[in-house]
1. Regarding region 6-73, what's the average projected area of the Cα-atom convex hull, expressed in nm²?
2. Between Rg and the Kirkwood Rh of the chain, both from Cα atoms, what is the Rg to Rh ratio?
3. What number, rounded to the nearest 500 deg cm²/dmol, is the helix-based mean residue ellipticity at 222 nm of the chain, given -39500 (n - 2.57) per DSSP H run of at least four residues and division by all its residues?
4. Please compute the modelled spin-label separation between ARG182 and LEU33, points set 7 Å along Cα→Cβ, answer in nm with one decimal.
5. In the neighborhood of MET136, defined by Cβ-to-Cβ distances under 14 Å, what is the net charge if each Lys or Arg adds +1 and each Asp or Glu adds -1?
6. Under 5 Å between amide H atoms, partner at least 5 residues away or on a different chain: which partners does GLN23 have, H built in plane at 1.01 Å?
7. Specify the angular offset, from 0 to 90 degrees and rounded to the nearest 10, of the alpha carbon long axis of helix 6-19 from the longest principal axis of the alpha carbons in the chain.
8. Under 15 Å from a label point 7 Å along Cα→Cβ of ARG126: give me every residue in region 186-209 with its amide N that close.
Amino acid sequence: MEKIRRQERRIAITKILVDHPSQLFSLSFFSGLFIAAKSTVCEDVEAIRIAMEQFGLGKLETVSGAAGGIKYIPFQSEKRVEEILLDLSTKLSAPDRIIPGGYIFMSDLVFNAHLMSPVGEIFMNRFIAAAPDYVMTVETKGIPLAYSTARAFNLPLITVRSGSRVTEGPTVSINYVTGSSRRIQTMSLPRRAIPVGARVLIIDDFMKAGGTARGMVDLAEEVGATVVGIGVLVATAEPAQKLVKDYLPLLILQAVDEHNKITEIRPAGRN
């Protein structure tokens with residue numbers, strides 16, 4: 001194999017780490033891949049670490065010990081988080097997004113991987129201390145956002161369905177009441193999807209009264225899992241009392257004036 005120059009090696013290491021967020025790589029892996037001494041790889045990693053911190057591109061975390069190594073942790077500075085959420089607020093506030101019934105059209109945004117990838121990283125940073133084992137969402141609009149979060153965590157994604165599928169084997173189903181319309185609906189989950197005792201992070205795109213989130217919490221508990229956090233992209237200001245107590249919204253929808261085509265939406269925590 002032709003000798004790899006230092007600059008090329010560092011670019012390759014960076015690419016591998018960024019493509020596999022939160023995944024641990026041993027120094028031996030890179031040493032063998034590039035036929036380089038571990039000390040050389042350590043120098044490369046330190047240079048990459050400094051560059052990432054300098055430009056706010058994420059963090060490199062070192063895990064010591066025989067089973068240790070390095071992993072890339074996606075990280076958004078508070079300034080960058082504010083920029084991302086303000087941009088989304090502006091996009092969602094566009095008058096042409098208001099549709100009959102006072103709803104906001106969001107599908108084009110939540111299914112935009114370029115927009116949702118950094119949002120998933122924001123959720124990962126917010127919930128990293130909760131140490132989840134799985135990310136859970138409900139079909140369908142919550143999937144892109146939950147997938148981005150799961151990727152940032154390097155965790156499996158579990159999708160709750162509105163009905164069971166023969167191809168998924170035995171399922172657990174529950175009935176739940178939607179908080180806004182007070183309708184009874186059903187959601188189901190394959191029994192083998194989550195092991196007993198697993199820690200689950202719930203991610204969804206929208207919350208009004210919290211009925212869907214409450215249903216996912218109940219379903220997770222039904223299979224013996226523990227919900228360690230609930231994150232939503234947009235939550236309505238009213239009703240203030242949701243059906244779940246602890247949840248983290250990134251944006252707050254204050255009001256929608258369908259007649260005048262005005263939407264009031266802002267980043268959570270901002271007056």
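1. On the way: hull surface 16.4 nm².
That works out to 4.1 nm².
2. That ratio is 1.04, to two decimals.
3. On the way: 8 runs with 97 residues, N = 271.
It comes out at -11000 deg cm²/dmol, rounded to the nearest 500.
4. 5.7 nm
5. Numbers: positive: ARG161, ARG199, ARG214; negative: ASP133, GLU139, ASP204, ASP205, ASP218, GLU221, GLU222.
That sum, taken over residues with Cβ under 14 Å, equals -4.
6. Placed amide hydrogens put TYR72 under 5 Å from GLN23.
7. It is inclined by approximately 30 degrees.
8. Within reach of a label on ARG126, which here means backbone N under 15 Å from a point 7 Å along Cα→Cβ, region 186-209 contributes 201-208.
Every read-out reported here was derived from the displayed coordinates using simple, explicitly stated rules and does not represent laboratory data. Remember, it's a predicted structure, so these values are computed and weren't measured experimentally. For neighbour counting, all protein chains shown are included, and Cβ atoms are generated from backbone atoms with ideal geometry for every residue, glycine included.
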